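The values are calculated or read from the model by the stated rules, or taken from the named source; none is laboratory data. The structure displayed is predicted, hence computed values, not measured ones. Cβ coordinates were reconstructed from backbone atoms using ideal geometry, including for glycine residues, and neighbour counts include every protein chain displayed. Only protein heavy atoms, including side chains, enter the accessible area calculation; ligands, DNA and RNA are left aside. Shrake-Rupley method; radii C 1.70, N 1.55, O 1.52, S 1.80 Å.
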Amino acid sequence: MRCCRQNLIDWEYVGDALTARPSWIADDVGMWVPDSQHFNGQYYLYYTAPWTDVPGGGSAIGVLMAPHLAGPWTASGGPVVEPHDADCCPGARRWVFDASIVTDESGQRWISYGSYFGGTWTHRLGAHARIGLVSMGGADFTAEFDYVRVYRLHS
């Protein structure tokens, strides 16, 4: 974990966000593509776990939470977006990669994710930064997911 100084140029190492791998992530994989957010008075760090030890395996998105950017960080205890099958191919796990969190005008937070296999999807985040029951839908197309921006068009 790196933290910036006041000038936003000189960076200083302040410690690791994770001191131990969450038990649901496979032992032989790394974690990547973090998206950090600040809301509810704390920091959230969403990350991709490219393979998990949950039944059926597959990739997932986890989240760490901390009161300060320098920590201490606490893991959520399980994925916030669990591995799930691709609509096209029952039994084949969708690539649950590259979380991007946005907040709409009402203050509702949304998580978008996806990649080449299974398309891109957006879901409403519920309490405790976990995925809610409402899906905004998705698109089954080949794309690398990176970042979501909210544009407000005025007539």
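Here is how the numbers come out for the structure above:
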quantity	calculated
Residue list for the range 15-41, restricted to those being among the hydrophobic types (A, V, I, L, M, F, W, C) and either at pLDDT below 90 or open to solvent by 40 Å² or more (accessible area, probe 1.4 Å) (or both)	Ala17, Leu18, Ala20, Met31, Trp32, Val33, Phe39
Yes/no for Gly91 being open to solvent by 10 Å² or more (accessible area, probe 1.4 Å), in a loop (DSSP other than H, G, I, E, B) and at pLDDT 85 or above	no
Enumeration of residues in the range 42-65 that are surrounded by 15 or more Cβ atoms within 10 Å (Cβ to Cβ) and over 19 Å from Ile111 (Cα atoms)	Trp51, Thr52, Val54
Tally of residues being under 12 Å from the mean Cα position of the chain (by Cα) and of a type outside the set (Gly, Ala, Ser) across the range 66-90	4
Any hit, the range 92-112, residues being within 10 Å of the chain's Cα centre (by Cα) and among the acidic types (Asp, Glu)	yes
In the range 9-31, the residues that are closer than 18 Å to Pro50 by Cα and aromatic (Phe, Trp, Tyr)	Trp24
Test set (1) surrounded by 20 or more Cβ atoms within 10 Å (Cβ to Cβ); (2) of a type in the set (Val, Ile, Thr); (3) touching a residue at least 40 places away in the same chain (Cβ under 8 Å) - Thr103 fails condition number	(1)
Contacts under 7 angstrom Cβ, first residue in the range 107-121 being in a loop (DSSP other than H, G, I, E, B), partner modelled with pLDDT of 85 or more, 6 or more apart	Tyr116/Trp95; Phe117/Arg94; Phe117/Trp95; Gly118/Arg94; Gly118/Trp95
Qualifying residue in the range 24-40 (condition: closer than 19 Å to His123 by Cα and among the small types (Gly, Ala, Ser))	yes
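Residue-wise test of (1) in contact with a strand residue (DSSP E or B) (Cβ under 6 Å, 6 or more places away or on another chain); (2) part of a loop (DSSP other than H, G, I, E, B); (3) of a type in the set (Phe, Trp, Tyr).
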position	(1), (2), (3)
Ser36	yes, no, no
Tyr43	yes, no, yes
Val54	no, yes, no
Gly58	yes, yes, no
